[in-house]
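Scroll down for the structure; my scribbles are underneath it.
The values are calculated or read from the model by the stated rules, or taken from the named source; none is laboratory data. Computed from a predicted model, the values in this text were never measured in an experiment. Using ideal geometry, Cβ is built from the backbone for each residue, glycine included, and neighbour counts are taken over all protein chains shown. Ligands, DNA and RNA are excluded from the accessible area calculation, which covers all protein heavy atoms including side chains. Shrake-Rupley method; radii C 1.70, N 1.55, O 1.52, S 1.80 Å.
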Amino acid sequence: MSPILKQVFVSASPQLAAISAGGLIGYPSVLLQQFKSNDSSIIVDVHTASWIASVHGLAGVPSLFIPYIMQQHGRKFGFHICCLLVILGWIIIYFARNATTIIVGESFQGLGAKSLLVVSYLTISEMVDPKYRNILMLLYNINQTVGVTLVHVMGKFLHWKTISLTMIMPVAIGFLLSCSWPESPAWLALKGRFDECKKSFIWLRGADEDAITEMNALLNSQIDNRNNKPKKTNTIAALKEIWGNITSRDFYLPSFHMFILLSVYYWSGNLVFLVYAMNMVENVTKNEESAYIGMVVMDCVTLLGNATAYIFFKYYNNKPVLLFSGIGSAVFLLASSIVSYLQYLEIVSDDSLLCLYFLIGFMIASSLGIYTTPYVMSSEIMPIQHRGIGGSLMVIIICSSYSFTLKIAPYLVMYLKLHGTFLLYSVTLSVCLIWVWKFVPETKNRTLQSIEESYLNKIKAESVEPQPESQANLNVRLVLIQKPLESNDVLHTVVPAEVIQSLLEHKECIT
């Protein structure tokens, strides 16, 4: 099997799990719609309905321990826990007879799904070649949208309990496939298991020059980190080390970038439209049948947009794609706000579909970048040595944003009306996009090591004055280590391209 196929095989498990994770995002919309029918044995009020829609986020807060578990026990172990939690949640909902039990089942789903998002993106970012990383992360988002669309369509024809059984299958198959994974090379290097790291890396990526160069950079970085890491003597020293990590530039800067990137998705209203899809569209069209058709159309164009986004990711960098998608989304939100306000003033008819058309345009624009890029870039910008606490921080941001935006959405519509809500989302999105444009680094086709070094290089650039070119000095030392006779390992010596270029430019300095 070629390295590319091996990487696709490893990423297949998160892709299948993403279908079930996407399904639980659209599931509350189906539940709330079916509970409104006269023959439903479960009756919910507005307060209970808001909890059914938003509990996934709040329940996902304990998943901040999953990154720590991954750092201690590996990426495979973390992925298995996430899958089992999602499966357990679907099973509990199937046997539910009241709203409380459904909320309990959703709590397990939220705990597993929020962790699954972090585990899947970190796993793909660490185990897949940078050339294919973007497309496989994009595919994860596409599969989530497939799950949302499937649940919304099935909700028209199947009972909610039947849907819960159906959505167990993808994540269960993904769990079984993941049992054949190798462990992440980055995690093995972090733990000092360098021989296993080499075997895993070569199995996944092959032994070509680029792969070996990246592997050596990974190994050298982790060896330096282990050598420079102070020994833990007591609790005070451990706390000082944690504080030192938190206050270091290569942690707090990517952490803030992560918050802004995730806010682009959550505080632009995209999640609200997915979960409250039926209610939002019905609020606009004033017709239940038109609302269902509009919801399915929005799901389909979102799915089509996510698939089309591959073209943009193939030919353009992440930041331009995100900015293009974000600007389009902000414009359509502003247009929706204006039309909704005109309806509020009775200048435009209440049953006009103009606002719905603008909302469909908003979903199309968002699906071209906002749905995927914030997660992709957030999972790539955090340095490896901070991925334990960084992953926990990512979970906290995701869970709090998920729960808070969904919980307050009905009250925003109640007090600000639709036009005020759309305007708020448009302004928030615009502010986040300005920060991304000015400060967030590009991540496409860059190794995790090079992204990490970009933060450290800025520190060095600020503290070290450049020397005149005439005083430039180059000192390169090549050390050859004899291969042990009893070892069958293949030793690779690769001189990076930048070193070769420096040697050619400074021949007079070579001695």
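Numerical summary
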quantity	calculated
Out of Phe65, Phe77, sole residue that is open to solvent by 70 Å² or more (accessible area, probe 1.4 Å), at pLDDT 85 or above and either of a type in the set (Asp, Glu) or in a helix (DSSP H, G or I) (or both)	Phe77
Within the stretch 288-330, tally of residues that are farther than 22 Å from Arg446 by Cα and free of Cβ contacts under 8 Å to residues at least 12 places away in the same chain	3
Selection count where residues are in contact (Cβ under 8 Å) with a residue 40 or more places away in the chain, hydroxyl-bearing (Ser, Thr, Tyr) and farther than 14 Å from Gly112 by Cβ, scope the stretch 18-59	5
Test result for Pro410, surrounded by fewer than 20 Cβ atoms within 10 Å (Cβ to Cβ), touching a residue at least 60 places away in the same chain (Cβ under 8 Å), more than 16 Å from the chain's Cα centre (by Cα) and under 25 Å from Ser336 (Cβ atoms)	yes
Qualifying residue in the stretch 246-261 (condition: in contact with a Ser or Thr (Cβ under 7 Å, 6 or more places away or on another chain) and either part of a helix (DSSP H, G or I) or at pLDDT 80 or above (or both))	yes
Single residue of Val118, Val55 found to be crowded, with 20+ Cβ neighbours inside 10 Å and within 12 Å of Leu24 (Cα to Cα)	Val55
Members of the stretch 1-21 that are open to solvent by 40 Å² or more (accessible area, probe 1.4 Å) and modelled with pLDDT under 90	Met1, Ser2, Pro3, Ile4, Leu5, Val8, Phe9
Cβ pairs under 9 Å, 6+ apart, first in the stretch 196-215 and at negative phi and in contact (Cβ under 8 Å) with a residue 12 or more places away in the chain, second open to solvent by 60 Å² or more (accessible area, probe 1.4 Å) and assigned to a helix (DSSP H, G or I)	Ala211/Ile202; Ile212/Ile202; Thr213/Ala497; Met215/Lys198; Met215/Ile202
Some residue of the stretch 48-58 being farther than 24 Å from Ser401 by Cβ, more than 18 Å from the chain's Cα centre (by Cα) and polar (S, T, N, Q)	no
